[in-house]
């Protein structure tokens, strides 16, 4: 008999009462956090130190080498951005490499699922298409994309996609990256002892490194994934821990790269696997995702989402997960502790990411399905070990619609056969839609309520700002029921309501994983190209936000938007706040350079109003009229 | 030059003697004790039996304490009567000692049980060093030990003998151990630690008869079963040694009644320690808190009043700390309120337990098992009667510590007027 | 930053300026290292008896403070100590601990209003601030990189606070 379902809150209590330490307890144990780290005033880049700057001005104001707060915090931030770029770009490289392997016939588990995209992108790369087989094109495109990484003297191909205005700005600033890997190497070199000490120059380098992520590394990940796994289409699914089933084998796939998750989904749908599951007493196999790989298989295959970054340990604490399969990025080493209380098998798969206490089954693109079946078999065989007494699946689950892209969103806006941004631009011009905001990024135990995403997004749509989302932020809002068309009537302003009702879309659009922030760049570019709302991204009534950011990847994303001309609002403190000059640079001076800038605001409602104010400023500059409908401001806490 | 006489040379008596001397270099101070060896800590006797310390370590004051402080001693002699009119104490053998001010710090005696066979050899309470020595002397011939009583005292005794590698059975009448202190869940945390270390807990049972010849070798339980044991420890708490006070006509209820200056019904006689019934800050009623820290505190206060310094006693707070095989447990104040009007905040896990008892948003009791870090902070909050509404939600969290109550220290600075508190908030502006 | 070398006497206390503490926990490290055999960070952490810190940096509503033994005048820990391990030094006002006498009954932990005494499970004894007997100053005060920790009289500390405001 099925056990009565508990609430997610109860699951926290169960963890506590069993002495299971999760991210929240570990966070508490770290509190208070070191102020030097928080302010960005600690330098460990050489052995003259480690050095730190006294933020109160009485102690040392320079490190042993003479670097001051500006230099030190700039170098630290630059290295964060380089690491973030490296992460996304490495992900992109793996997909591009698999595209090549597939073309060469070495990765038979994959296919070209979007021929249209293959040809479109190949065209952009100048690859001959006519009369050639997909495989042949894939080889050339895979090679060409991989070549982008190692270029020495020219920009990666996708830089041509950017609005002319942005391209010109970057060229003048000399921040067009040569290749994708090179700016990362360069950033590691220029932040070494005795190299670049001018914080403004370091920030230009940071922007170059980050642009290589957004307009190349991440973009290659997005485009190559669309080719191999299919261009997403709007699709309905479910989110939250309630998607786990108490009578099926539950497999959670966690991490980022769809190379693994996609074939695991295929393996779980295999007849032979289903038969094996039934022989073990299970009614079937449920697969659910966590983190960005969840977004990848959600938007392409409709696979339900178990949770966001913060929920990974709770998922195991349901006691109903036979295996959690991970690849890389955002995987908490703390998982192994939680798993030790349950029967859950933790399986690492990536040669670059191993975890003490996890079983490692190495994933190879060449025999992907084979490995996937091995993993699924292990999970199924673990089903009889599930301790029914320890099973506590929360009841919460929510419907969502995912799978919007830069190419398809506006089919919905303009009617299925008119793929144009005209209706969006017109809605903005007429004031029915105030503007567009991308609310993205991680979730973070620092935000006690963990509802910052939801509060910010609700405030934005209430003021007729259309919201696009990626990553864990999208999942957090999906849990709150914001990613369904019905949400427009409940939460959105009148203008957005009219648009959503007319075309049947949610007021908050799911655009994919964190590499898919590149889709937002393309959407912005398309808005510029459609005309009427400015010549560059910096003129558009748009902004971005990461209310609960935590990963270095978020810093890279933030910077490529700022370098591309957008306002970016971060929720938590930025690790440069110990330098007044750096704070002034990132929040004011950089706007004169790229048109974009940073803002920092912990309160999500106030953060939303920074965006609204910015959008209104841009509308005014574009000489657009007032928005059609007025809305009330929610009181900030 | 006044004559100060103290009956009893344990925590309260010795503390009083020390305070007297500190404040009056000339006064004549006499300590009377029925024990020959004094200045040893009774609370450490179980540590001695467990083999954790030797007899040297039992001594809590320097051996030259009496000499150094110029204190006269009458040791190994029991005081048998007091004549308040003549202001004199009569000792065993007839010696009389006259006083100007007298402190009764006669302590308490372990409660025994009224069960057939209780006179047999091998049945003990643990209160005096002689008892401990005898037990230690016979341990080689002992395999099984029965301990009567599932409160802190009984369990502490059981722990000591368990440490010695004996097969220990704790016989507990209640359905679970520490029933006066915690509910079933928390007692389970402690019970499982004890059981893991070889101490068997037998609940819902009582001893009916001690069997054997001269020496005990079996216990008959009320369910008809018999348990082999060569040693029995009765660990059921203590009763105050009030006889000398009542026969002198002093007012005695549970213990010797004292006012807030620890003065008895006779203006020249004071009482302190396990024999005195004092105001309890958590319960807001008079009560005996037979505990080391209370005894020392009361000894100090009584001494000041014997010197005519009018030092009021804020009241006592019952508290106890035990460590079972590394599992730390602290209880304080009202731990299991019986009436209405209390709020309980608790959190438990397999390895730890925290419980706070509040009345009108003030903490009046606490039980900590496992993580005891915040115990002292809470003890101050209880003693000072601070409204803790603003920190209620984090009481059970690991992060709860002194820093978290600093806003309260600031807010109620009239209650936290000691300079130590004020020093910590000198730079703090909420 | 001037580091005045002052040791405990009746009027001298270690203060923490909560407006300057950045929670870097350098004092925690320095305290543990000072109570190690090697008195060297890298070596102290591999010593058999892991050295223990005697103070804790803790958070108060966005600020932080280094909480340490206040060497109370009427020290509840001394009253509660049933083994005679804790005592007051009449000359300096320091609350001292005799490790040899401590039996680990945690009565002091139970009564310290600052939570400044902790139990060392390995050695089974209580651990508290001993005012760095091996050095002329205090490890925590000497290493504090922002000057939040200060040893001196209350007047001196208050003077320092008002000076800062100007």
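The values are calculated or read from the model by the stated rules, or taken from the named source; none is laboratory data. Please read these numbers as outputs of a predicted model, since none were measured by experiment. With ideal geometry, Cβ positions are generated from the backbone for all residues, glycine too; neighbour counts draw on all protein chains shown.
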In the stretch A:1-40, which residues are within 30 Å of residue A:62 (Cα to Cα), surrounded by fewer than 18 Cβ atoms within 10 Å (Cβ to Cβ) and touching a residue at least 24 places away in the same chain (Cβ under 8 Å)? A:37
Taking residue B:330 and the conditions (1) over 27 Å from residue B:104 (Cβ atoms); (2) at pLDDT 95 or above; (3) within 11 Å of another protein chain (Cβ to nearest Cβ), which numbered condition does it fall short on, given that it satisfies the others? (2)
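So that you can scan it fast, the table gives a plain yes or no per residue for (1) within 14 Å of chain C (Cβ to nearest Cβ); (2) not in a loop (DSSP other than H, G, I, E, B):
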| site | (1), (2) |
| --- | --- |
| A:38 | yes, yes |
| A:54 | yes, no |
| A:65 | no, no |
| A:71 | no, yes |
| A:79 | no, yes |
| A:83 | no, yes |
| A:106 | no, no |
| A:112 | no, no |
| A:120 | no, yes |
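Listed here are the residues, each with its yes/no results for (1) touching a strand residue (DSSP E or B) at 6+ places or on another chain (Cβ under 9 Å); (2) more than 30 Å from residue A:498 (Cα to Cα); (3) modelled with pLDDT under 95.
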| position | (1), (2), (3) |
| --- | --- |
| A:566 | yes, no, no |
| A:574 | yes, yes, yes |
| A:587 | yes, yes, no |
| A:598 | yes, yes, no |
| A:632 | no, no, yes |
| A:635 | no, no, yes |
Could you tell me which of the residues B:355, B:336, B:362 is away from chain C (no Cβ under 13 Å), closer than 26 Å to residue C:80 by Cα and crowded, with 21+ Cβ neighbours inside 10 Å? B:355
Within the stretch B:186-229, of all residues that are surrounded by 15 or more Cβ atoms within 10 Å (Cβ to Cβ) and assigned to a helix (DSSP H, G or I), the one modelled with the lowest pLDDT is B:186
Criterion first (within 30 Å of residue B:88 (Cβ to Cβ), without any contact (Cβ under 8 Å) to a residue 24 or more places away in the chain and touching a strand residue (DSSP E or B) at 6+ places or on another chain (Cβ under 8 Å)) does residue B:226 satisfy it? no
Determine which member of the set A:207, A:203, A:273, A:219 is touching a helix residue (DSSP H, G or I) at 6+ places or on another chain (Cβ under 8 Å), at pLDDT 95 or above, surrounded by fewer than 24 Cβ atoms within 10 Å (Cβ to Cβ) and outside any loop (DSSP other than H, G, I, E, B). A:273
Residue count for the stretch C:64-92, restricted to those that are more than 14 Å from the chain's Cα centre (by Cα) and either assigned to a loop (DSSP other than H, G, I, E, B) or at the interface with chain B (Cβ under 7 Å from one of its Cβ atoms) (or both): 14
With criteria (1) under 16 Å from the mean Cα position of the chain (by Cα); (2) within 30 Å of residue A:42 (Cβ to Cβ); (3) more than 14 Å from chain A (Cβ to nearest Cβ), residue C:57 comes up short on (3)
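Does residue A:627 satisfy the condition of being touching a strand residue (DSSP E or B) at 6+ places or on another chain (Cβ under 7 Å) and buried (at least 16 other Cβ atoms within 10 Å of the Cβ)?
On the way: touching a strand residue (DSSP E or B) at 6+ places or on another chain (Cβ under 7 Å): no; buried (at least 16 other Cβ atoms within 10 Å of the Cβ): yes.
It is false that residue A:627 is touching a strand residue (DSSP E or B) at 6+ places or on another chain (Cβ under 7 Å) and buried (at least 16 other Cβ atoms within 10 Å of the Cβ).
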Of all residues in the stretch C:104-116, count the ones that are touching a strand residue (DSSP E or B) at 6+ places or on another chain (Cβ under 8 Å) and facing another protein chain (nearest Cβ under 7 Å). 9
If you go through B:410, B:347, the only one that is part of a strand (DSSP E or B) and within 13 Å of another protein chain (Cβ to nearest Cβ) is B:347
Considering each residue of the stretch C:8-34, count those that are within 14 Å of residue C:139 (Cα to Cα) and either free of Cβ contacts under 8 Å to residues at least 60 places away in the same chain or within 14 Å of chain A (Cβ to nearest Cβ) (or both), and give that number. 7
Anything in the stretch A:481-515 that is assigned to a loop (DSSP other than H, G, I, E, B) and surrounded by fewer than 24 Cβ atoms within 10 Å (Cβ to Cβ)? List them, or say none. A:481, A:484, A:485, A:504, A:505
What's the total number of residues in the stretch B:28-64 that are surrounded by 19 or more Cβ atoms within 10 Å (Cβ to Cβ) and over 30 Å from residue B:140 (Cβ atoms)? 6
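Residue by residue, here is whether (1) touching a strand residue (DSSP E or B) at 6+ places or on another chain (Cβ under 9 Å); (2) crowded, with 23+ Cβ neighbours inside 10 Å; (3) outside the structural domain of residue A:263 (by TED's automatic domain parsing) holds:
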position: A:337; (1), (2), (3): no, no, no
position: A:345; (1), (2), (3): yes, no, no
position: A:352; (1), (2), (3): no, no, no
position: A:374; (1), (2), (3): no, no, no
position: A:397; (1), (2), (3): yes, no, yes
position: A:400; (1), (2), (3): yes, yes, yes
Among the residues of the stretch B:46-59, is there at least one that is more than 14 Å from chain C (Cβ to nearest Cβ), out of contact with any strand residue (DSSP E or B) (no Cβ under 8 Å at 6 or more places or on another chain) and without any contact (Cβ under 8 Å) to a residue 24 or more places away in the chain? no
